[in-house]
Amino acid sequence: MLLRDANICSYAGVVNGHATGLAALDPRILEAVRPTTLSNEQLLDVPEALSPLFPWGGLQRGWQVGVSGPGAWTLTAGMMVPSLGDEGWMAVVGAPLFNLVAGAEVGLRMDRVLVVDTPPAGQWGTVVAALLEAVQVVVICPSSSIGNRDARRIAARLREQRGTLLHLDGGATWPSGLDMKLTCQTQEWEGIGQGNGYLRYRRMKVEAAGRRSAAQPRSVSLWMPGPDGPLTAAQELATVTELRYGAWGGESP
Amino acid sequence: MTDMPFVAMPEPDDAVVASPKAEHPWRLNGPRRESENGPRRAEAAHPSVLSTRMAVVLCPDWPVVAWGVPLNEPAAVFVANRVVSCSPGARIDGVRVGQRRRDAQSRCPDLAVLEQDTDREARLFEPVAAALTNMTPRVEVAGPGLVGFPTRGPSRFFGGDEALAQKVQETLTPVLADRGELFVGMADGVFAARMAAQTASKIFGDGQLAGAIGQPVIVPSGESAGFLAGFGVDVLELPDLVDVLVRLGLRTLGQFAEISANDVVGRFGAEGLMAHRLARGVDQYPPDLRRPATDMAVTWLFDPPTERIDPCAFAAKALADELHRSLEEKGLACIRVAIEAETEAGEEFSRLWRHEGTLSAAALAERARWQLDGWLHQARMGHAGAGRDPDAGVGSAIARLTLIPDEVVPATGRQLGFWGGRAERADDVSRTVARLQGILGADSVRVPEWSGGRGPAEQIRLIPAAAVDLGEPRMGADPANVNQPWPGKIPPPAPAEVGSLVGSVVVLDEVGEEVTVSGRGVMLNDPVWLVVGKTEHQIMSWAGPWPADERWWDPSSHRRRARMQVVLEDATAHLLTVEQQEWTIEATY
């Protein structure tokens, strides 16, 4: 929309003889017609509830993200679903324990998933780099550390293909730093009692830390799953201090 | 490819060619055809110009036969919990193709449940195809259980269609060796011949003893259209098209065939036209297309020659991709492919494979793999038994593999998504999968399929990616296909991780007694502590138990267990299972 407006404007400008150049145009339009896009503009959609975790509200292409803590796999699947869309593929490498049913519950399409056996120690680079050529999202959970050579190869392919690599061990086996690390922490389960009910809703907190643009620590509270869907934002649990001193407008609870 | 035969283009005025009154001689006898060696040219006016007279041999229920199950015993082969093939013994009890597994088992409790194994089916079908090559060189395998050949030469040699059918049955009966049934159909065109063979099997009826041979059904020359007219449109096996046809009131092939081809192509496009040609008793593609140039053949030399199937399968995949790419560049698609192999001793083997639709790269590779598997298997059998026929199988290691497109047609194409989209991406993924299989082994890359079950680990099953076509929608990947109730199933959400690295754990109650679940599925005491190794965790809340008494009818696989959800003091939740009074952490949420 903006782009079309810009074309009309610049065309009109030439026709009318006002060769004032692009500088005279609305900055909004300038933004839209600039020939280069910076990496922070190449964002992948994430569920709305997770967007406060990311510096520009979405996951950057070519990033490596570590995810750890209970429910990390479910969160990862849910986080990547919007960016995969209808046709995107996800590969899960060397993670025999992950339950794909949990992924399906948060919207992952089972006909767009490849499950790859754990490669031998020296083959991680070859396997992940090959996968990144065709698959948008690769999830790995290595049990032993990845060598420097493999890591460099994977990083280079990731930059080139603009894919996303997720480390479900939180990056513990990766020789260098990750762009971002997410840590899941379950706060409470609802629906379960003493011998009655069942695990129904989970309230959890996800903390993000990273480097460069993502250096500032951020966190969100989530329902995963919650009463309104598999992955929705939750209100922060009030701390005891807040309750005591009236975080909600001075009224004592 | 600029000199592509124009006559091959499937377009509306093909209808003109089909009607005998308005023939276009320039189309049938154009200069292109003059150059061809010509028995066909002599017959230009004959209806067989529009379709080759074919004999089809149908071995019904081949997936079951391949498992070696006697046909009068109830057995069925399942894919994604649906019957894809069943033995006559099972059919008597009311088991039908497409039925759900539960329904099938409720009708026939002693039904043997088999999984589909297409490799095995193809391998065991190879001797049948090989036996036919003694009678005619142009044997075309359409798939395991279905093989055809043009009858013109053989029929004349053996003294007519009836004699030929007799001869085919005599030749193949010892090959099948009472394991399966065999039906022969002859008609103008592959489709009509196949329907004739199916009619033969229907006339023969179910419930007869296995190993018997039915009467062949022979449709006289030029009467294919009349023969097909009575069939319902569902035999076209195009569910989307058939659905519309039925709603338009066109229930039989005869009614469909009466519509003019122009109208059909206007409404249903290329796919509709193909179906219309079949309904009219005409081959899907005009039969005598120019033989494709031999330079389109692709060859792989094995160095050193191999007797193992893995390198062959890998080569077949690479060759299929290469062939497909070169065909694609020329705007062609292959409907019949010759697979040739040469052994290090210099023996040559060749077999034609036909596909009703056009062969995709994956389908091509699969057929090559089947064929090689069949040859290699026979070679091993041949080595085992003395006095073997030199033509019966590959005698030594395979040194060369060649794929030759034997019949090509202009690609009407599968529509790609707007920005490359679906097909292209699936191709990329398939290529990557093939590469990884080369690095890590054939079964290292798998895809999930839904399967019913109570426990979190049972609800999804991983099958090798090589066994499916990644570009096509898969039935098993859609959870809607698994909709049976599973009493005792844990309600969602599903746990994030299944299985654990710790062994068995101990669950204690308040006073330190072990928690037990009674035979009636009741907790006898409340769990308070979970002991993993030497660490104690307090159980803050718990739910359950969900007892599961599985396969109680089969002592060898009978399992009784109960599941319990617990939330520990750090708010992590786990699914515990007790079996034989031993607790384990089955999954973590």
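The values are calculated or read from the model by the stated rules, or taken from the named source; none is laboratory data. All values reported here derive from a predicted model rather than from experimental measurement. We place every Cβ from the backbone using ideal geometry, glycine too, and count neighbours over all the protein chains shown. The area values use the complete protein model at the heavy-atom level, side chains included, leaving out ligands, DNA and RNA. Shrake-Rupley method; radii C 1.70, N 1.55, O 1.52, S 1.80 Å.
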Note on region B:524-540: residues on the phi < 0 side of the Ramachandran plot, of a type outside the set (A, V, I, L, M, F, W, C) and open to solvent by 20 Å² or more (accessible area, probe 1.4 Å) are B:N525, B:D526, B:K534, B:T535, B:E536, B:H537, B:Q538
Evaluate region A:179-188: report whether one residue or more is part of a helix (DSSP H, G or I), more than 8 Å from chain B (Cβ to nearest Cβ) and not basic (K, R). no
In region B:547-569, how many residues are farther than 21 Å from B:S106 by Cβ and either in contact (Cβ under 8 Å) with a residue 24 or more places away in the chain or aromatic (F, W, Y) (or both)? 9
Of all the residues that make up region A:136-157, how many are modelled with pLDDT under 90 and under 16 Å from the mean Cα position of the chain (by Cα)? 1
Give the residues of region B:236-249 that are assigned to a helix (DSSP H, G or I) and of a type in the set (A, V, I, L, M), sorted by residue number. B:L236, B:L241, B:V242, B:V244, B:L245, B:V246
Candidate set from region A:99-119 (those that are facing another protein chain (nearest Cβ under 8 Å) and in a loop (DSSP other than H, G, I, E, B)); member that is nearest to A:G147 (Cα to Cα): A:P119
Number of positions in region B:550-570 that are buried (at least 19 other Cβ atoms within 10 Å of the Cβ) and either away from chain A (no Cβ under 12 Å) or of a type in the set (V, I, T) (or both): 4
Can you work out which of the residues in region B:490-516 that are under 46 Å from the mean Cα position of the chain (by Cα) and β-branched (V, I, T) is nearest to the other protein chains (Cβ to nearest Cβ)? B:V498
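Condition first: in a strand (DSSP E or B) and more than 30 Å from B:S500 (Cβ to Cβ). Now tell me which residues in region B:454-476 satisfy that.
Matches in region B:454-476: none.
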Residues that are modelled with pLDDT of 90 or more and open to solvent by 40 Å² or more (accessible area, probe 1.4 Å), drawn from region B:498-509: B:V506
Looking at region B:99-120 only, could you name the residues that are without any contact (Cβ under 8 Å) to a residue 40 or more places away in the chain, open to solvent by 40 Å² or more (accessible area, probe 1.4 Å) and of a type outside the set (S, T, Y)? B:R101, B:D103, B:Q105, B:R107, B:P109, B:D110, B:V113, B:E115
Would you mention how many residues in region B:465-485 are surrounded by 15 or more Cβ atoms within 10 Å (Cβ to Cβ) and more than 10 Å from chain A (Cβ to nearest Cβ)? 6
Which residues, taken from region B:571-583, are open to solvent by 40 Å² or more (accessible area, probe 1.4 Å) and either in a loop (DSSP other than H, G, I, E, B) or not charged (D, E, K, R) (or both)? B:Q580, B:Q581
Scanning region B:246-267 residue by residue, the ones that are over 26 Å from the mean Cα position of the chain (by Cα) and open to solvent by less than 80 Å² (accessible area, probe 1.4 Å) total 14
Consider B:Q105 carefully, then state whether it is at pLDDT 85 or above, in the same structural domain as B:V217 (by TED's automatic domain parsing) and not aromatic (F, W, Y). no
For region B:512-533, how many residues are under 24 Å from B:D570 (Cβ atoms) and not in a strand (DSSP E or B)? 7
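Yes or no: region B:550-570 includes at least one residue that is over 19 Å from B:S504 (Cα atoms) and part of a strand (DSSP E or B).
Yes, some residue in region B:550-570 is over 19 Å from B:S504 (Cα atoms) and part of a strand (DSSP E or B).
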How many of the residues making up region B:465-485 are at pLDDT 80 or above and over 22 Å from A:A77 (Cα atoms)? 0
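In region A:64-83, which residue that is in contact with a strand residue (DSSP E or B) (Cβ under 6 Å, 6 or more places away or on another chain) and open to solvent by 10 Å² or more (accessible area, probe 1.4 Å) is farthest from the other protein chains (Cβ to nearest Cβ)?
Per the stated criteria, the residue is A:Q64.
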Residue, nearest to A:T76 (Cα to Cα), within region A:120-131, restricted to residues that are more than 9 Å from chain B (Cβ to nearest Cβ) and not small (G, A, S): A:V128
Single unsatisfied condition, B:V528 versus (1) more than 25 Å from A:G193 (Cβ to Cβ); (2) within 14 Å of another protein chain (Cβ to nearest Cβ): (1)
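Does B:L401 count as open to solvent by less than 50 Å² (accessible area, probe 1.4 Å), at pLDDT 70 or above and within 27 Å of B:M296 (Cα to Cα)?
On the way: open to solvent by less than 50 Å² (accessible area, probe 1.4 Å): yes; at pLDDT 70 or above: yes; within 27 Å of B:M296 (Cα to Cα): yes.
Yes, satisfied.
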Here are B:R123, B:R179: which of them is over 23 Å from B:E223 (Cα atoms), open to solvent by 30 Å² or more (accessible area, probe 1.4 Å) and in contact with a Phe, Trp or Tyr (Cβ under 9 Å, 6 or more places away or on another chain)? B:R123
For A:Y198, all conditions in the list (1) closer than 19 Å to A:P52 by Cβ; (2) at pLDDT 90 or above hold save one; what is the number of the exception? (1)
Extreme residue, nearest to the other protein chains (Cβ to nearest Cβ), among residues of region B:424-453 that are part of a loop (DSSP other than H, G, I, E, B) and closer than 17 Å to A:D117 by Cα: B:S444
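More than 26 Å from the chain's Cα centre (by Cα), open to solvent by 20 Å² or more (accessible area, probe 1.4 Å) and without any contact (Cβ under 8 Å) to a residue 60 or more places away in the chain - does that describe any residue in region B:193-212?
Scanning region B:193-212 turns up no residue that is more than 26 Å from the chain's Cα centre (by Cα), open to solvent by 20 Å² or more (accessible area, probe 1.4 Å) and without any contact (Cβ under 8 Å) to a residue 60 or more places away in the chain.
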